[in-house]
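Student: Shown below is the structure under consideration.
The values are calculated or read from the model by the stated rules, or taken from the named source; none is laboratory data. From a predicted model like this one, the values you see are computed outputs, not experimental measurements. Cβ placement follows ideal geometry from the backbone for every residue including glycine, while neighbour counts extend to all protein chains displayed.
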Amino acid sequence: MSCAPYGLGGQVLRLVPFFVEKMINWGILRPPMNASTAPSSSLSLLVSAQRHLYPNYGQPDVIIERGRGARLWDTEGRSYIDLFAGIAVSSLGHAHPRLVQALSDQAGRLLHLSNYYYNAPNIRLAERLCALSGMDRALFCNSGTEAVEVCLKLARRHFYAKGQADRHVVVAFENSFHGRTMGSLAVTGQNKYRDGFGPLGSVRHAPFGDLERTRALMSADVAAVIVEPVQGEGGVIPAPEGFLVGLRALCDEFGAMLILDEVQTGVGRTGPFLAAQHAGVLPDAVALAKGLGAGFPIGAMLCREHLSGALPKGSHGSTYGGNPLASTAALTVLSVLYDDGVLSHANVLSERLVARLEKLVERHAVLSARRGLGMLQGLVLCDGALGPAILTRLRERGVLVTFSGGTTIRLTPPLVISETELDEGLAVLDEVLGEFS
Ligand SMILES: *Cc1c(COP(=O)(O)O)cnc(C)c1O
């Protein structure tokens, strides 16, 4: 009789790292010396992960080894359809040939420089981002949280320079997510990220989508309002109709800046370059990251010309910000999305995705709603407690998604995903939801 790979044999195998770890702790086994001398089997890697990685994440016992397009493979040779794209990051999927080529060419030319000198890819990237967003200036960093941080510092410094240093409050929204540095965490409106890190800066939180309650928090001390056009980590909740336009008007009325956190929604994830372009809203500043480098770390703050003097020379910066390799990655991403027609493809496919998800909501009693924009979609569970089990089952069946806001199965496929791959992933989702109904 052969051993079933995912049956009892799999269950027993799963316990092995636990016992290996115990034996190492009891001194019966010697731990691997270091990564390069350790045998490269999945098992020893998992043991090493448990011993050496800081345990602030909750990964399952799976090591992903490589990818191609919207497909991933683990070290055991199992394959997965990627419907999460590394949290809405890997828009070009995995190992996109143009991105691989551009990165390797640039790495062979110039990897890093710092901001002591200009580099051409960075200048061309700033130019292209301004054209796509309607903004005038670009400042680069390495992640979403840093991009948000620059926006917040920009708002403070702008009013300080105008002799209004007492305008220091930021209005943000409940259930929002803006990042994990102390500034971006202060505007984040979810206790699960904030607990234990207070006191955090001067921020007032309004209910997301409620213009009247937001108005009640506005006064002469408000420097900026910061908002996600779709709350991503909060459970894929799009701003209600008229909300962003209303915030723009409130900011104009009270002389405050409107900051958009488009870290998750930007760079075509919801259709247009910025999600706020659905509503025709022009912010004063916008934070981008995730999809911008499609896996290469890069963040950007874009702003309008009237803010170009707010951060004078030396007042803010980043050693790696605008690095030629990161800039090349982002330039290539934009070229593939806009010049190779990938974004048009995604915009057509997202309609199919929405229609399929609506069917799933009709068919499965465990689901209460679909919500989202473009290729950022959520299926809301009636009972959020089922989420982790559904995700585990999907992974066992070879489909990767994420769970956000404690209620919502979030789908953020690579924008390059083919119709066949999408259908294959959604068929498995349909079957798995059936198991839970
Ligand atoms: C992911 C995210 C961030 C933080 O980005 P990091 O790159 O993880 O620092 C900020 N804002 C939003 C809306 C995000 O989705």
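Student: Looking for whichever is of a type in the set (A, V, I, L, M) and assigned to a helix (DSSP H, G or I) here; the options are Leu357, Leu379. Which one fits?
Tutor: Checking each option against the conditions leaves just Leu357.
Student: Could you please tell me which pairs satisfy a Cβ distance under 9 Å, a separation of 6+ or placement on different chains, a first residue in region 111-131 that is touching a residue at least 24 places away in the same chain (Cβ under 8 Å) and over 11 Å from Gly322 (Cβ atoms), and a second residue that is among the hydrophobic types (A, V, I, L, M, F, W, C) and outside any helix (DSSP H, G or I)?
Tutor: From region 111-131, the pairs are Leu129/Met135; Leu129/Ala138; Leu129/Phe273; Leu129/Leu288; Leu129/Ala300; Leu129/Leu302; Cys130/Ala138; Cys130/Leu302.
Student: Please specify each residue of region 42-82 satisfying the condition of being assigned to a loop (DSSP other than H, G, I, E, B), touching a residue at least 12 places away in the same chain (Cβ under 8 Å) and under 25 Å from Tyr193 (Cα atoms).
Tutor: Pro60, Asp61
Student: Give me the residue from region 157-186 that is among the charged types (D, E, K, R) and surrounded by fewer than 21 Cβ atoms within 10 Å (Cβ to Cβ) and, out of that set, nearest to the ligand (Cβ to nearest atom).
Tutor: This residue is Arg180.
Student: Is one or more of the residues making up region 262-277 part of a helix (DSSP H, G or I), within 30 Å of Gly378 (Cα to Cα) and within 16 Å of the ligand (Cβ to nearest atom)?
Tutor: yes
Student: Restricting to region 139-155, what's the tally of residues that are away from the ligand (no atom under 11 Å from the Cβ) and crowded, with 22+ Cβ neighbours inside 10 Å?
Tutor: Matching residues across region 139-155 total 6.
Student: Quick check on Ser90: is it within 16 Å of the ligand (Cβ to nearest atom), of a type outside the set (Phe, Trp, Tyr) and either crowded, with 23+ Cβ neighbours inside 10 Å or under 13 Å from Ala329 (Cβ atoms) (or both)?
Tutor: yes
Student: Being in contact with a strand residue (DSSP E or B) (Cβ under 7 Å, 6 or more places away or on another chain) and touching a residue at least 60 places away in the same chain (Cβ under 8 Å) is the filter here, so list the residues in region 385-412 that pass it.
Tutor: Gly398, Val399, Leu400, Val401, Thr402, Ser404, Thr407, Thr408, Arg410, Leu411, Thr412
Student: While we're here: So, of the residues in region 187-200 that are part of a helix (DSSP H, G or I) and within 11 Å of the ligand (Cβ to nearest atom), which turns out to be nearest to Ala287 (Cα to Cα)?
Tutor: Only one residue fits best here, namely Val187.
Student: Oh, and also: Residues in region 220-247 that are part of a strand (DSSP E or B) and in contact (Cβ under 8 Å) with a residue 60 or more places away in the chain: how many?
Tutor: So the answer is 7.
Student: OK, next. Does Gly299 satisfy being on the phi > 0 side of the Ramachandran plot and within 16 Å of the ligand (Cβ to nearest atom)?
Tutor: Taking the combined requirement at face value, the residue does not satisfy it.
Student: If a residue must be crowded, with 24+ Cβ neighbours inside 10 Å, among the aliphatic types (A, V, I, L, M) and in contact with a Lys or Arg (Cβ under 9 Å, 6 or more places away or on another chain), how many such residues does region 238-274 contain?
Tutor: Counting residues in region 238-274 that are crowded, with 24+ Cβ neighbours inside 10 Å, among the aliphatic types (A, V, I, L, M) and in contact with a Lys or Arg (Cβ under 9 Å, 6 or more places away or on another chain) gives 3.
Student: Here is a follow-up. Show the residue pairs that are 6+ apart or on different chains and have beta-carbon atoms under 9 Å apart, the first residue being within region 297-318 and closer than 25 Å to Thr332 by Cβ, the second being buried (at least 24 other Cβ atoms within 10 Å of the Cβ) and of a type in the set (Ser, Thr, Tyr).
Tutor: Listed by first residue and then by second, the contacts come to Ile298/Ser327; Leu302/Ser133.
Student: Report, by residue number, each residue of region 152-181 that is farther than 18 Å from Ala206 by Cβ and not in a loop (DSSP other than H, G, I, E, B).
Tutor: Lys153, Leu154, Arg156, Arg157, His158, Phe159, Tyr160, Ala161
Student: Being surrounded by fewer than 11 Cβ atoms within 10 Å (Cβ to Cβ) and at pLDDT 95 or above narrows it down to one of Asn34, Asn56, so name that one.
Tutor: Just a single option satisfies the conditions, and that option is Asn56.
Conditions tested, residue by residue: (1) more than 30 Å from Gly235 (Cα to Cα); (2) surrounded by 15 or more Cβ atoms within 10 Å (Cβ to Cβ); (3) out of contact with any strand residue (DSSP E or B) (no Cβ under 8 Å at 6 or more places or on another chain); (4) modelled with pLDDT of 95 or more.
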residue	(1), (2), (3), (4)
Tyr6	yes, no, yes, no
Leu46	yes, yes, yes, yes
Arg66	no, no, no, yes
Ile81	no, yes, no, yes
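Student: Are any of the residues in region 411-419 outside any strand (DSSP E or B), farther than 20 Å from Gly271 by Cβ, more than 22 Å from the chain's Cα centre (by Cα) and of a type in the set (Asp, Glu)?
Tutor: Within region 411-419 (the criterion being outside any strand (DSSP E or B), farther than 20 Å from Gly271 by Cβ, more than 22 Å from the chain's Cα centre (by Cα) and of a type in the set (Asp, Glu)), the answer is no, since none of the residues qualifies.
Student: Would you mind finding the one in Gly271, Gly266, Gly246, Gly255 that is touching a strand residue (DSSP E or B) at 6+ places or on another chain (Cβ under 6 Å) and closer than 30 Å to Arg213 by Cβ?
Tutor: Gly266
Student: Which of the residues spanning region 141-176 are under 22 Å from Arg215 (Cα atoms), charged (D, E, K, R) and in contact with a strand residue (DSSP E or B) (Cβ under 9 Å, 6 or more places away or on another chain)?
Tutor: Arg156, Arg167, Glu174
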